[in-house]
Amino acid sequence: MARHDKKILPLRACGTQPLLSGRTMADRLSGIRVRIFAGAQEGVALVEFTLVLPILVLLLAMAVDFGAVLHTRFRLNAAVSAGANYALVRGEEAAGSGAWALAHEIVALVADNQGAGWADAESLVNDGPHAVRNGQGTVETGSADHVRDCYCLTGNASSPVWGGTVTCGDECPSGGYAGRFVLIEASRAFSPVFSNYGMVSDGRLTIQAIVQIQ
């Protein structure tokens, strides 16, 4: 009688998946936790960015505002420097009948240095001829009676103290030597958004200079 070997196959229910091992299940749970944690981190980052963004925009706007103030101030300074150089070159005119012309020419040069009528300008020649130029035109006041005199000028361009006349070339009590002077000023209306930054006063940026021409 023939002998047949029989093989016993493991039972498997139809349409079912094999059972997961303990390690496989733990790996899948760990992956789910990682995805949940990553999503939570993205949410936190979005909230933080939303909170920080207005501050960054504000800082950027302040930087632009401050830069505009500095840029305007530098341009005014360039205009005053041009007027000061002109006064030094043409300083001899301050001691005669050309003092009025000198004051007029300085304010014209300063006012138009950065563009026609870009700034308001003012010039005072040796406590005498005084010229002011703005959008309304040029106004001249003062007197040329003392344009040949010398002074020991003290104070600053906005509040000069001329004192009495002295001999040209004498040593002054406050230092330096007596001579003739030209005061120059350039200003422009400017309204910063955030602050005056210690440079804007009454809605204007102003640069002044005192030039000793002799």
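Bear in mind that the values in this text are calculations on the coordinates, not laboratory data. Note that the structure is a prediction, hence the values are computed from the model and not measured. Please note: Cβ atoms are built from the backbone with ideal geometry, for glycine as well, and neighbour counts cover all protein chains shown.
With the highest mean first, a sort of the peptides 63-69, 202-208 on other beta-carbon atoms found within 10 angstrom per residue produces 202-208, 63-69.
Let's test the formula: R0 of 35 Å, r as the Cβ-Cβ distance of ALA101 and PHE66. What FRET efficiency results, to the nearest 0.05? It comes to 0.30.
The local environment of THR206, defined by Cβ-Cβ distances under 10 Å, has a net charge of -1 under the rule Lys, Arg +1 and Asp, Glu -1.
Computed 3J(HN,Hα) for region 56-61, one whole-Hz value per residue from the Karplus formula 6.51 cos²θ - 1.76 cosθ + 1.60 where θ = phi - 60°, is 5, 5, 5, 4, 5, 5, glycine and proline marked x. Working ranking of peptides 119-126, 77-84, 166-173, 134-141 by packing, defined as the average number of other Cβ atoms within 10 Å per residue, highest first, is 119-126, 77-84, 166-173, 134-141. For GLY142, neighbours were defined as the other residues whose beta-carbon sits under 13 Å from its Cβ, and their charges (Lys and Arg +1, Asp and Glu -1) total -4. Between GLU171 and ARG90, the modelled labels are 3.6 nm apart [label points 7 Å from Cα along Cα→Cβ]. Here the Karplus curve 6.51 cos²θ - 1.76 cosθ + 1.60, taken at θ = phi - 60°, turns the phi angles of region 202-213 into couplings of 6, x, 9, 9, 9, 10, 10, 8, 10, 10, 8, 8 Hz, with x standing for Gly and Pro. For LEU153, nonlocal amide neighbours, meaning residues 5 or more places apart or on other chains whose placed amide H falls under 5 Å from its own, are GLY179. Between the residues PRO192, TRP162, HIS130, the greatest Cα displacement towards the positive end of the dipole of region 129-193, with unit charges on the Cβ of Lys, Arg, Asp and Glu, is found for PRO192.
Applying a DSSP loop filter and a limit of 12 other Cβ atoms within 10 Å to the chymotrypsin sites (Phe, Trp or Tyr not before Pro) in region 125-214 leaves PHE194.
The ASN156 and LEU51 beta-carbon pair, evaluated with R₀ = 45 Å, returns a calculated FRET efficiency of approximately 0.40.
Going from the residue with the fewest nearby Cβ atoms within 10 Å to the one with the most, HIS146, HIS71 rank HIS71, HIS146.
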